[in-house]
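Undergrad: Sharing a structure with you now.
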Amino acid sequence: MPQQLDPVTRDALEERLRFYRDLGLTEFYRRPVDPALMAALQAEQPQAEAARTEAEDAAQIQANFEEDQPIPPRKSFPAPPEVAAALAPADRASALQLIREEIGDCTRCALHKGRNKLVFADGNAQARLMFVGEGPGADEDAQGIPFVGRAGQLLNNMIAAMGLKREEVYIANVVKCRPPGNRTPEPEEANTCSPFLFRQIDVVRPEVLVALGATAATYLLGQRQPLAGLRGRVHSFRGTKLIVTYHPAFLLRDPRQKKEAWADLQIAMRELGLKPPGKG
Ligand code: URA
């Protein structure tokens, strides 16, 4: 009989699981979680949907990061002929529209079943800087726009701190439909959806890409590595400079890491030749 968790312990355990997941410390899940606590967490049948999905989330996170479950290798997705050569900036918005039309009322993976609105992207088709998140949350699913909830507010502040406006950057996610309970997208879901993201990147051709969190980093780099080892340097995604930083949702939970995120954004700014507002 699994032990019952009091709500305070359960919340603390769930918060800690999210904390480590966002930090990219995936090793954590294979050892120190007390199996009895984990069994109790998974056996809980809380009333509130949020609590239920958090428990599912914890189990899913654990499953996703088992060492013997590498992400399936990323297939090669050559840019389609219309974007094989850089598109004239003026043609990028219509090329993105074509990709959106091709996605259509998508049923390519199971995520469509719980979707309200498909979340394609937001921002400027001619952006020099592009952010990639994990997938829509509840607010994004309701509005059909990425990063409009609390994490989105923080992302807006991060963009402003860089001296940019949200309308000047391009924002998209690894998956375009909300995973149930905001769980991490399954490799199958992410690998089904991410080719469209790659094509969006091919069209926009930003000078710098910023991966927000472990999921974006994993699918852009085509390999799973702890976030801590990926931050602080410039990677490449199909020839575009790629910088990895914390997901804003993680920063909301652990504001102490904002300093580290700011250091990452400064790398992006350096690559773009930008100075923070007020620094001439
Ligand atoms: N988190 C994400 O990763 N993407 C969004 O669009 C919103 C929250």
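Undergrad: Fewest first, what order do R199, R100, R231 take by the number of other Cβ atoms within 10 Å?
TA: Values: R199 22, R100 15, R231 19.
Fewest-to-most ranking of R199, R100, R231: R100, R231, R199.
Undergrad: Along its principal axes, what span do the Cα atoms of the range 91-161 show, with the longest given first and each in whole Å?
TA: Rounded to whole Å, the extents work out to 38, 32, 16 Å.
Undergrad: Now a separate question. Amide H neighbours of N173 under 5 Å, counting only residues 5+ apart in sequence or on other chains, H built in-plane at 1.01 Å?
TA: G133
Undergrad: Just to be sure I understand the model, the point goes 7 Å from the Cα along the line to the Cβ. What's the resulting Q225 to A138 distance in nm?
TA: 3.6
Undergrad: Once you wrap a convex hull around the alpha carbon atoms of the range 115-212, what is its projected area averaged over all directions, in nm²?
TA: So the mean shadow area of the Cα hull is 5.6 nm².
Undergrad: Which pairs in the list K113/K165; K165/K258; K117/K258; K165/K241 are over 23 Å apart, alpha-carbon to alpha-carbon?
TA: On the way: K113/K165 34 Å; K165/K258 19 Å; K117/K258 30 Å; K165/K241 20 Å.
Over 23 Å Cα-Cα: K113/K165; K117/K258.
Undergrad: By per-residue mean of other Cβ atoms within 10 Å, what is the highest-first order of 203-213, 153-163?
TA: So the order, starting with the most tightly packed, is 203-213, 153-163.
Undergrad: Can you tell me how much longer the chain between D6 and E271 gets when fully stretched, taken as 0.36 nm per residue apart minus their C-alpha distance, in nm with one decimal?
TA: Working: separation 265, 0.36 × 265 = 95.40 nm, distance 4.87 nm.
Result for the pair: 90.5 nm of gain on full extension.
Here, each number is a calculation from the coordinates, and none is a lab measurement. Everything numeric in this text was worked out from a predicted model, so none of it was measured. Neighbour counts run over all protein chains shown; Cβ positions are idealised from the backbone, glycine included.
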